[in-house]
Amino acid sequence: MTCTKSRGLVLLCLVALPLFFAALVAGFSLAARARLKTTAAGPRTKAAYPMRPRSMYLPSTKPKAAVLSSFAPDPLGMFAKPMAKIQFKNGLDERSIPTVRLTRSPDAKKGVAIFRFEKPDLYNHVDLEAEVDGMMLIDEEGSLSTQSVFAHFSEVGVPKYIEAKYVMESTEDWERFMRFMEKYAQTHGLEFQPSRLSR
C-alpha cells in the first residue's frame with residue numbers, strides 16, 4: 001500500500017511540476033511586457049493643440065455707397081479717415097479686396113492670418129513673370145510684412161488668385177495686426193465674421 005501511495009505522489013509531481021513552471025514563465029513574461037510598455041511610453045505629455053478657426057474678414061455685401069456712408073459725417077474735414085493699404089510691390093497699392101481667415105492658438109500666444117486675393121489687381125500693372133516683394137500691410141503706425149506669398153495661375157497662364165500667410169508669434173503681434181485689420185476693413189468694406197467657436 002505504501003508503494004502505491006509513493007507511485008501516486010510521483011505521478012502527481014510529474015503532472016503538477018510542468019504546469020507550475022509554465023505558469024511561472026507566463027507570469028514573468030507578462031511582467032516583462034508591462035515593464036517594457038511603460039519604459040517605451042515614457043512620461044505622459046500634454047497633447048499639442050492645433051490652431052483653431054476663430055474668425056474671418058469677408059468683403060461687405062452692402063452697396064459701396066452704404067459702406068462709405070457708415071463713416072461719421074465730417075463736412076469740414078476735421079477728422080482724417082484711417083489709412084490702411086496692402087502692397088505686393090513697393091509703391092503699388094493692391095486694389096482687389098481679400099478674404100482674410102484668422103486662426104489663433106487656445107493660449108492666445110500665436111496666430112495666423114491667411115489672405116486670399118481673387119483676380120489680383122497687381123498683374124494689371126506688372127508682367128506675369130515679375131517677382132513680388134512680399135506682402136506689406138501699411139498704416140499710420142508703420143508696416144507689417146511677410147514673404148510667404150504665392151501666386152496661382154490657370155492652365156493657360158491667367159492669374160487666378162494670390163494667397164499670403166502672415167504669422168503672429170505673440171499677443172503683441174496679434175494686437176498690432178488687429179489694429180491694422182480694423183482700419184483696413186473700415187476703409188475697404190470688409191465685414192468681420194466671428195467663428196462659431198468664439199461666439
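The values are calculated or read from the model by the stated rules, or taken from the named source; none is laboratory data. Since this is a predicted model, take the numbers as computed values, not measurements. Ideal geometry is used to build each Cβ from the backbone, glycine not excepted, and the neighbour counts take in all protein chains shown. Just the protein is used for accessible areas: all its heavy atoms, side chains included, with ligands, DNA and RNA removed. Shrake-Rupley method; radii C 1.70, N 1.55, O 1.52, S 1.80 Å.
For the residue pairs Lys110/Lys160; Lys85/Lys109; Lys160/Lys183; Lys85/Lys165; Lys119/Lys183; Lys109/Lys165, the alpha carbons lie more than 20 Å apart in Lys110/Lys160; Lys85/Lys109; Lys160/Lys183; Lys119/Lys183.
Residues Ser143, Ser154, Ser105 ordered from highest to lowest accessible area at a 1.4 Å probe: Ser143, Ser154, Ser105.
Based on Cα contacts under 8 Å between residues 6+ apart, region 92-199 shows a relative contact order of 26 percent. Between Asp93 and Glu169, what FRET efficiency comes out of the Förster formula 1/(1 + (r/R0)^6) with R0 = 25 Å and r the beta carbon distance, rounded to 0.05? Calculated transfer efficiency: 0.40. Report note on the peptides 158-169, 120-131: ranked by the mean count of other C-beta atoms within 10 Å, highest first, their order is 158-169, 120-131. Note on Lys109 and Asp127: their simple-model spin labels are 4.7 nm apart, each label 7 Å out from Cα toward Cβ. Globularity index of region 103-199 is 1.22 (Cα radius of gyration / 2.2 N^0.38 Å, N = number of residues).
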